[in-house]
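Just so it is clear, none of the values below were taken in a lab; they were calculated from the coordinates. Note that the structure is predicted; figures quoted are calculated from it, not measured. We place every Cβ from the backbone using ideal geometry, glycine too, and count neighbours over all the protein chains shown.
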Number of protein chains: 2
Amino acid sequence: MGFEYLTNVPLEQARNEYLQKLQGEGFGMQYETVPVQESFGRITARAVYARINAPHYAASAMDGVALRAKDSFGATETTPVMLRPDQFTVVDTGDPIPGSCDAVIMVEDIVQNDDGSITIHAAAAPWQHIRQIGEDICAGEMILTSFTEITPAAIGAMLAGGVMEVEVIRRPVVGIIPTGDEIIPPCANPRPGDILEFNSSIFSAMVKDWGGEPITYPIVPDHFDAIRDMVVRAAEECDMVILNAGSSAGRDDYSTAAIREIGEVLYHGIAIKPGKPAILGLRGSTPILGVPGYPVSGIIVIEELLQPLIDAWYGRESTKGSRTRARLTRQVVSGLKYQEYVRLRMGYVGNSLMASPLPRGSGIVSSFMKADGMLEVPQGTEGFASGEEVRVRLLKDRGQLKNTLVVIGSHDPLLDELTDLIHREDRRIFLSSAHVGSMGGIMAVRRGEAHAAGIHLLDTETGEYNLKYIRKYFPHGGVYLVRCVGRQQGLMLQHGNPLGIGRFSDIAGKGVRYVNRQKGSGTRILADYLCQKEGVDPGQVYGYEREEVTHNSVAVQIASGSADAGMGIYSAAKLYGLDFLPVCVEEYDLLIPETVWNTGLIKQLIRTLKSEAFRARIEAMGGYTLDRPGEIIDVF
Amino acid sequence: MGFEYLTNVPLEQARNEYLQKLQGEGFGMQYETVPVQESFGRITARAVYARINAPHYAASAMDGVALRAKDSFGATETTPVMLRPDQFTVVDTGDPIPGSCDAVIMVEDIVQNDDGSITIHAAAAPWQHIRQIGEDICAGEMILTSFTEITPAAIGAMLAGGVMEVEVIRRPVVGIIPTGDEIIPPCANPRPGDILEFNSSIFSAMVKDWGGEPITYPIVPDHFDAIRDMVVRAAEECDMVILNAGSSAGRDDYSTAAIREIGEVLYHGIAIKPGKPAILGLRGSTPILGVPGYPVSGIIVIEELLQPLIDAWYGRESTKGSRTRARLTRQVVSGLKYQEYVRLRMGYVGNSLMASPLPRGSGIVSSFMKADGMLEVPQGTEGFASGEEVRVRLLKDRGQLKNTLVVIGSHDPLLDELTDLIHREDRRIFLSSAHVGSMGGIMAVRRGEAHAAGIHLLDTETGEYNLKYIRKYFPHGGVYLVRCVGRQQGLMLQHGNPLGIGRFSDIAGKGVRYVNRQKGSGTRILADYLCQKEGVDPGQVYGYEREEVTHNSVAVQIASGSADAGMGIYSAAKLYGLDFLPVCVEEYDLLIPETVWNTGLIKQLIRTLKSEAFRARIEAMGGYTLDRPGEIIDVF
């Protein structure tokens, strides 16, 4: 194959040229006829006209008798009129009016006589109490305009108008081809080296969401002929094709060559990050989009290049979330060479919309799931400073963001449980947490970027937690410190403790591989303090510079055998079946600015902290002590 | 059966008592487990935790070699280090890292030697270029909280975390039972008396829209046992049941009795209009809702009583469109006894949101389709005055309303064609027309309630159209008059003209049944003028007081045989195959206020008037002349 250099064409240019080229080949909207009963939510292809009148016959609007209005003329209370049985017809609501009649008198206004005749005491106006033919819809009238979404009432109107089938825009069929030798269908027990093929499930749902019809083809191994043949088949069966993985210029890349052989490649390489190695290919009027294997890259390529094709198919404006301004809580550094996509957690604190960048790794599908917004750093820009106001694309609605508790600070799995409990108790309230360590939490509260911060900062002189730090960083007060939990910190060790680690200083022992937390986290500060106290030189601890950002990820490294020891909380050790050497019980509290104290969000947070449900979940996790959670600690 | 008096309980009270009673019986959310791949859009029943780490093995993040970092320590440009083949493993991106290795060096940074060894010129930091186990998701971590909508990325995260199935809120199954002897499935050629059963299609789509799963049962005739047995079956198979029609207290009403026999009726009769005869029944914890047969009544009962049940099932806040304030263009009169629902056409004219009441007949399904908003006139209120600001519920989004051309005035079918053409040319633009006659249009423009009005007002002294009226009602100018079409007015007559009508004055002839247009319409003014001119006494014309509001509905009455003659335009006569006696060609122009003249909406309207597509459609309709449509007429 040989190495192929990628182009670095700007996204906008590539997208426009791609669409123009495809439209030149005949790409675009197609139609199909569907039964009206199955047309809910579809888009009309052309105007729909009624075939029959609705109602289609003159119908009685009341229970009563139908008659010729003329025959009733002159009837009053004092000069009643009698009608012979052949002069009227008994009708119920909805019954057809006999051809000779042109009025209905309600049953309440009639006196029935023994001889079958009736007496009336008021004249009937012609056409009273009659639903006229076409009162609702006249035959030949336009019921629906072109390119209109079919609502429940529109279904009723079409059926009432005698329209049984309707021509709608056909949903474009999008074929998804997963490729790769190591790729296997998702399962719960993969072996090392197996790569779970979940991209096609993500892409399918996206395609459905945009009004397309996804088809996922079987996984194709990394063989040129197999890939080429599958692309040909998909291009024949579908309106658009996604060829997943193999689009980087690496060893096993057959995608570009395959598309070239059976069609054409407009560009291979777009100036976006992640997503650069996208392939913009086509066969006739069928787009064949080569999409990188990493899920985040793939999602971005699909959003930026496939969604516009589906929008063009439907002939509609692109609808990619509304844009707004938000304040960055951390700096975002970007290369000049690409347009870069940064996913954001967002929330309103007071009246300010805050945006915290999420991890950017292109394999990190969970960051996409958590994203409330997207920051696009334009090509040629170096990024943005912390605190800067930036323009972002919202992925959630504003109402939801206004009801989101923003918690920034130290990580603890109890935050997830809190998130779940709060949302279960009040479906309108959400909690969004970002893990930047205790010091990061204090700074976020100081800058007004968070509703709350989880902190556990040891004063090494007094052994007290949190108080000294708060007095230092909030000399003028303005914050509350709220009790959360006491938690057991210690060394997490391999199951059975094979290296016989018996005290903290053993982490410097020969053959011990340590895994650390990131700087600024309370747990790191604790580890640094213990090193100093026990006379351990961090430079002598193998792996002391290896940083993970949560208790769980430290535990996972030990559980998987790539490290022997790490500082963390008991609940994480328990979750992964690790041995645990207790070191201390620390106070994990919540720091809350006064400015948000009286909001409904904080009130719900405090209620949940005090609830039995919270106690039950925390006790099930193990390693925590609960002493009046939700109460205010006297700081100042 | 006997006549049953209906209760008149306020809606809010009935709804709350109904829900409480049902919940007391056990009504509420149920769960089901679905494959994650099929879970898009579903709502989680409880928190979802990862089963495995993602990635589940330490993987190379680059193409290169894996090694022990220690073996590379000391390597620099000047002091390269050589590694034997047993000291490294060649790896591609995604390959697992051998257990003994803890770093990767990129292929670009390696020199390959002939003996199979490699030389490196920089030390590797431990864990560089390695995707750590659990970098994305750690086993045991919470992936999704309870009661959360499953997005495409969430599907990816669950599959990556080894979760193959997810427990979600089961969609409630809603059984729909149509009843009635005259009811037949929708068809294009019903006989008089046949009532097309399209309610179940409307209700099905509504139920789907709210997240339910509709089942429509076969039509049940008006027999007590048959209805009762079907209700029992549906109550066993479904979570909620809609029993359609037969819920008024009329002759063939078995619904209430049937529900009473197999369950319980909480209320029969709610203080809403339309929709009063609703039945709030239940069997155990299964609601059985009796819904009136008229589509509009049925839709309102379903919206007010079924949707809250589905919301309660999902445990979510009711989401019934946002509310806003709008100005009424016509008065709305309401009875004190009921809460009344009035559907509205809406649009922004300048910065004011205007609301025009649509026809209120409960059989008028087309008014529901056209509705942009809903006005709820509270029980105990007599209605609202024209021009009054009222609180309305929006059924369309505000962006669409801001892009809607509001045309109020004389009816002509060409307005529908114009609506279609404009939306085809620019998908963002909509046109909404209300038919209130030429004089109504002039008044609407004067009050700033419309972007344009279609008018054709004859000055009986000069034979000129429109000019005198505009000078009278806009003495200070401020409006443009724009050419639209010349149109042929005349008498529409039965096919073959069986009564031999030869001139206008024949409408007063013996046995001739006339059908008129409403007062204030240009066509009515023309007819009144012709009566005066030809010496016809309107009191002598049978049916002169019978009013229809469009040309088409006049034509329909003649075509269906219930009238012999009516004044109208040629295109309507042609559409229904009627004979036509030409009377005059009139000018149908568009009146547009200066204040909106420079908007994009009006510019598109003018462009469309001048387009070839407009000409083609108008010519196909017949009876029109086109003389520079879209040009401004000199008025002042």
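Taking a cut-off of 20 Å between Cα atoms, list the aspartates and glutamates near residue A:472, but don't count ones fewer than 8 places away on the same chain.
The reachable aspartates and glutamates, counting only those whose Cα sits under 20 Å from residue A:472, are A:449, A:459, A:461, A:464, A:586, A:587, A:589, A:594, A:634.
Would you mind ranking A:513, B:325, B:131 so that the residue whose beta carbon has the fewest other beta carbons within 10 Å leads the list?
So the ranking, lowest neighbour count to highest, is B:325, A:513, B:131.
For the pair residue A:402/residue A:30, report the inter-label distance in nm, with labels modelled 7 Å from Cα in the Cβ direction.
Going from the residue A:402 label point to the residue A:30 one covers 4.5 nm.
Suppose R0 equals 30 Å. What FRET efficiency, 1/(1 + (r/R0)^6) with r the Cβ-Cβ distance, do residue A:386 and residue A:534 give to the nearest 0.05?
Once rounded, the FRET efficiency stands at 0.25.
About the Cα centre of chain B, what is the dipole size in debye to 20, counting +1 per Lys and Arg Cβ and -1 per Asp and Glu Cβ, all else neutral?
Dipole magnitude for chain B comes out near 2380 debye.
Simple spin-label model, 7 Å along Cα-to-Cβ: residue A:8 to residue B:262 in nm?
For residue A:8 paired with residue B:262, the spin-label model returns 7.3 nm.
Enumerate by residue number the GluC sites (Glu not before Pro) in the stretch B:252-344 meeting two conditions: DSSP loop (anything except H, G, I, E, B), and at most 12 other Cβ atoms within 10 Å of the site's Cβ.
B:317
Over 29 Å between Cα atoms: which of A:533/A:574; A:402/B:402; A:208/B:21; A:402/B:370 fall into that group?
A:208/B:21; A:402/B:370
Applying 1/(1 + (r/R0)^6) with R0 = 22 Å to the Cβ-Cβ distance of residue A:70 and residue B:497, what FRET efficiency is obtained, to the nearest 0.05?
Once the sixth-power term is evaluated, E becomes 0.40.
May I ask you to evaluate 6.51 cos²θ - 1.76 cosθ + 1.60, the Karplus curve with θ = phi - 60°, for each residue of the stretch A:58-65 and list the ³J(HN,Hα) values in order in whole Hz, giving x for glycine and proline?
6, 10, 5, 9, 9, 7, x, 10
To make sure I understand, if each residue's beta carbon is the centre and we count other beta carbons within 10 Å, what order do B:12, B:548 fall in, fewest to most?
Going from sparsest to densest Cβ surroundings: B:12, B:548.
How would you classify the stretch B:372-444 from its alpha-carbon gyration tensor, with a ≥ b ≥ c the square roots of the eigenvalues: rounded for a/c under 1.5, else prolate if a/b is greater than b/c, otherwise oblate?
oblate
What is the mean number of Cβ atoms from other protein chains located within 10 Å of the Cβ atom of each residue in peptide B:182-188, rounded to a whole number?
What the average comes to for B:182-188 is 5.
Treat each spin label as a single point 7 Å out from the Cα along the C-beta direction, and report the residue A:352 to residue A:547 distance in nm.
It is 2.4 nm.
Got the residue B:547 label distances to the other copies yet, label 7 Å along Cα→Cβ, in nm, shortest first?
8.0
Name the shape class, rounded, prolate or oblate, that the alpha-carbon gyration tensor gives for the stretch B:253-311, where a ≥ b ≥ c are the square roots of its eigenvalues, rounded holds for a/c under 1.5, and otherwise prolate holds if a/b is larger than b/c and oblate otherwise. List each step's numbers first, then the result.
Numbers: a/c = 2.11, a/b = 1.31, b/c = 1.62.
Judged from the Cα gyration tensor, the stretch B:253-311 comes out oblate (a/c at least 1.5, b/c at or above a/b).
Name the residues of the stretch B:374-388 whose amide N is less than 16 Å from a point 7 angstrom out from the Cα of residue B:331 along the C-beta direction?
Label zone hits: B:381-388.
Where does each of A:476, B:268 land when they are ranked from fewest to most other beta-carbon atoms within 10 angstrom?
A:476, B:268
Can you work out the FRET efficiency for the pair residue A:625 and residue A:209, with r the C-beta to C-beta distance and R0 = 60 Å, to the nearest 0.05?
Working from the Cβ atoms, E equals 0.85.
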